[in-house]
1. What's the Kirkwood radius of the range A:112-240 in Å, using all Cα pairs?
2. If I stretch the segment between B:E119 and B:E30 completely, what's the gain in nm (0.36 nm per residue apart, minus their alpha carbon distance), one decimal?
3. Could you pull the copy-to-copy label distances for B:E288, with points set 7 Å along Cα to Cβ, in nm to one decimal and sorted shortest first?
4. For chain A, what is the mean residue ellipticity at 222 nm derived from helices alone (per DSSP H run of n ≥ 4: -39500 (n - 2.57); sum divided by total residues; nearest 500 deg cm²/dmol)?
5. When the dipole is taken about the Cα centre of the range A:188-325, and only Lys, Arg (+1) and Asp, Glu (-1) are charged at their Cβ, what size is it in debye, to the nearest 20?
6. Charges on Cβ only, +1 for Lys and Arg, -1 for Asp and Glu, centred on the Cα centroid of the range A:245-325; of A:Q268, A:A313, A:V302, which one is farthest towards the dipole's positive end?
7. Using only the Cα atoms, what convex hull volume per residue in Å³ does chain A have?
8. How high is the relative contact order of the range A:8-322, in percent, with contacts defined as C-alpha pairs under 8 Å that are six or more residues apart?
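All of the numbers you see were taken from the coordinates with simple rules; none came from a lab. Quick caveat: nothing in here was measured; it's all calculated off a predicted structure. A quick note on method: Cβ atoms are made from the backbone with ideal geometry, for glycine too, and the neighbour counts reach across all protein chains shown.
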Protein chains: 2
Amino acid sequence: MGFSSQSSCLAISGGVGGAKLALGLAHILEPGTLTIAGNTGDDFVHLGFFISPDLDTVMYTLADLNNKELGWGQAGESWNFLDAVTRLGGDSWFRLGDRDIGTHVIRTQMLVAGKSLSEVTSHLCRQVGIKHRLVPMTDDPVATIVHTRTGEKLAFQHYFVRDECRPEVTGFAFSGIDAAKPAPGFSEALADTSLAAVVVCPSNPFVSVDPVFRLPGVMDAVASSKAAVIAVSPIVGGQALKGPAAKMMAELGMPQTALAVAEHYARQYSGQVHGFVLDEQDRRFRDEVELLGLSTIVTNTVMVTLQDRINLAEAVLDFSSEITP
Amino acid sequence: MGFSSQSSCLAISGGVGGAKLALGLAHILEPGTLTIAGNTGDDFVHLGFFISPDLDTVMYTLADLNNKELGWGQAGESWNFLDAVTRLGGDSWFRLGDRDIGTHVIRTQMLVAGKSLSEVTSHLCRQVGIKHRLVPMTDDPVATIVHTRTGEKLAFQHYFVRDECRPEVTGFAFSGIDAAKPAPGFSEALADTSLAAVVVCPSNPFVSVDPVFRLPGVMDAVASSKAAVIAVSPIVGGQALKGPAAKMMAELGMPQTALAVAEHYARQYSGQVHGFVLDEQDRRFRDEVELLGLSTIVTNTVMVTLQDRINLAEAVLDFSSEITP
């Protein structure tokens, strides 16, 4: 199925890197034809707030509220809450900005009142003027657990923020995933007969994409669709553009290459990921990726400007049209 | 009993006005000899936060963290949380500052974890360097309810902040007070054999002082002590220096005078309030206040400078030495 104005697209996103491509897709697709499913394995409760870091990053990015200097959080952010909490002896390792807390307070209030995370996300997105559909991967609790060399098992944010990714990882678990169902909007997008492309944004394969794909029923629904499934490498020139993906790969005994990411997807989701997008810097891997059974394009995947985001989104959708799953 | 370096003092305080005199007392009394019991009838839960406005006002004032320009809240406050919550469609009528939220988050966390409000207050005060003892009037839930002309009964903060004191009041109720016990530190201060002065700070008689005095056991403990009980008029020259006390008096059919405040205390706590402090502007009421059975002094009670606060505190303690209950 080729990608046309009648086609719809489902993007799978983690945080910052994924949000960049999601923004590009949102710029070229009508609101009704793009659903973004965000990883919720990073979600946690901190200082009494329910926090969904990846959903918030995508939301702030789509609403143009994101902090371009920091690369995370909101623009025009202040830190007086954190200053006060520190003085009062509270936990300050997770840097909650004053504006950001507004999001967490509203989310927490709505969840406590019995709303689902999907309903909360929809409400928040509507309030900040987002037209496209952002959904959590699930409304059920799933917690990414990082297994480390010392045997310690860390909640994701403890690994990622508190311990600044220092612990050596040996693997990951997704607590609660077997009992979790894809969120309604995610299932609807997967069941949509016009679904022509599933775009795996350049997010961490292990802790951003795997939890989404491993939700019960997701890969079956992907297989039942006629959609081309295309992954964009988050590793460019041997480095993660953002986050600990490359460090994790080294610790897991994998080469820190885009090829290794392709191998991961090919092995984990055998035959169900059809296309792979390499950066120009990684052109040399093209043949090897294709030998894995993945169609491949080479383009610029380093998204510095908005136009970069739009160009990559267009390249990915064009690519999806060429693939017959 | 005269007030000496061996004597101890208990101050009863509401918010801003009371905190000024509490600060004056804290400047002249050793930490071990002053307990401040704060009204908690104004406490409420908002956006998921447990908020104790009067305790916070006293705490910020004693720690010199209070906002002198606004007259409430913290110095150097910012409002980005409120801005964000408003954008997200949340309640914004209660102006929660970014720094202030730190206090509410720590309090909420500790209460949810099973700590008492006394323990929370003690922790917060210690963290901001307060040496004197600030205690809530009770660890039990007591909610001041404002009865209004239309028949509507308003939670205090709805009356005070949301509706800006516009509704005409007909009376007050203190929900939960019959089952409430004075907080341990409050009871200890009342039972302290060295207690020589109970200072009723210039706070709203109806919604700041009455809930404290009406707690079961409080007036009995006051009567059993040898302390002189001295109230400072919050009405000066026919006006409340802060808050709706004068407006309430008019609506309740009382003259808006310091004399009417003295009459309220004399009638409500017959024989148990011994002394009354009038401002120079209200000197003409002196004889009438004394006819109510209250010893009286006339001094400057309008606290603009820190020295004003210290002077009034000294005058009140000197006054207490002259009274034999």
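1. Details: mean 1/r = 0.0605 Å⁻¹.
Roughly 16.5 Å, rounded to one decimal.
2. 29.9 nm
3. 9.6
4. -10500 deg cm²/dmol, from helical runs alone.
5. The dipole of the range A:188-325 has a size of about 260 debye.
6. A:Q268
7. 122 Å³
8. Numbers: 637 pairs, mean separation 61.9, N = 315.
Relative contact order here is 20 percent.
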